[in-house]
Amino acid sequence: MIKLFSNHILIRDHSGRQQPFDLEALREDLLASFRAKNIGEGWIAESIVEAVYEHLCLGEQGVGKSASRLSRPQIDQLVGTILVNAGYEEVATDYGRRHPGRPGPGEDLKASPWDGERIGNLLKRRFPALIASGRAEEIAARVAAKLRLLNFAEVEDQLIVSLVDHAAQQVEKASPPEESAGSSPQSACLIPSDQWPGICRDPAVLDLLTRRILSVAPVSRVVPVARLCLHLDRLACLAGEGPLTELAFIPLLHRIAPALRQAMTIVRLQMCDRLPHAALHPVRLSLGGMDELLLKSFGPMGQGQRRQLARELQAVIRAETVAVLDFPVVLAG
């Protein structure tokens, strides 16, 4: 899917002209950076490319329009932010060195020595909300400590910005709710994944989350899209032991459908409360574990039969979500 739509995404080059953005090349660059740091988890690169794709395509003006406002250095900074928030600071640094780009206004995209004054200046220029919140000094100290831990003598501005994002997220998690509710650090994580069970009070929704049949991605300004994943292979455990049949599994989908719709509604409302423009984006529902479900839970069947069954399951879920909810939903297999 990513490769199919790559040529339809336009971004701005350094001269301000529009040019196609190759998501497949981005995936290869990310894989190279992971390999350079001896990290063999290639699926993470694929997930990051998908997040970038969503960020570029699901904008205010519809698919493909908002991306044309961004430059390549801004996209590379977005990639760096996602990497750091996911805990891959060294990969972010390697990726930044592969894509130095040209500096934006007042920014240095080339590696240079860092100090507290440089971190403070970037905070003032890029994160005025953090300055107003009174947490800038603590966050700057965390960034400096992280750079010392990584033993980096020279860094790019984009890595410092990414570390600020990550430090702001850590400070928010450590703060009492009444203190963190009024602050909104730029691009920080607003609702971590592990907080959803406490937010979704509906018993049926909570049961899906507790059993890990349903998972919800963090709410973040980096990717302002409500994202949920229904893990079909885990749902199969509710059908009991022995090989599954369509007659046993499809009723399970209908049974959990009300809770699934309720979860999607709750996540969207929570996201819109924190990011009003999120109402412009569809809710994304991914179907996880489809291959595991068809290969391990059902009885022996041919490849054609598996494809047909996968289409039938997708059709059931689409009918129970996309067709009945009063907000847009993107179903991803």
Here the gain from full extension of residue 201 to residue 305, 0.36 nm per residue of separation minus their alpha-carbon distance, amounts to 33.5 nm
Let's see if you can work this out: charge +1 on each Lys and Arg Cβ, -1 on each Asp and Glu Cβ, no other charges. What is the dipole magnitude of segment 189-333 about its Cα centre, in debye to the nearest 20? 280 debye
Would you please put 232-244, 149-161 in order of how densely packed they are, using the mean number of other Cβ atoms within 10 angstrom per residue and starting with the highest? 149-161, 232-244
Would you mind checking which residues have amide H under 5 Å from residue 225's amide H? H placed 1.01 Å from N; only 5 or more apart, or other chain. 220
Scalar couplings 3J(HN,Hα) for segment 318-330 by Karplus 6.51 cos²θ - 1.76 cosθ + 1.60 (θ = phi - 60°), nearest whole Hz, x for Gly and Pro, are 4, 5, 8, 10, 4, 6, 10, 6, 8, 9, x, 10, 10
First measure r as the distance between the Cβ atoms of residue 332 and residue 246, then evaluate 1/(1 + (r/R0)^6) with R0 = 25 Å and state the FRET efficiency to the nearest 0.05. 0.65
Efficiency by 1/(1 + (r/R0)^6): what FRET value for residue 324 and residue 98, r their Cβ-Cβ distance, R0 = 41 Å, to the nearest 0.05? 0.35
Debye, to nearest 20: dipole size of segment 265-333, +1 on Lys, Arg Cβ, -1 on Asp, Glu Cβ: 160 debye
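Here, each number is a calculation from the coordinates, and none is a lab measurement. Quantities reported herein were computed from a predicted structural model and do not represent experimental measurements. Please note: Cβ atoms are built from the backbone with ideal geometry, for glycine as well, and neighbour counts cover all protein chains shown.
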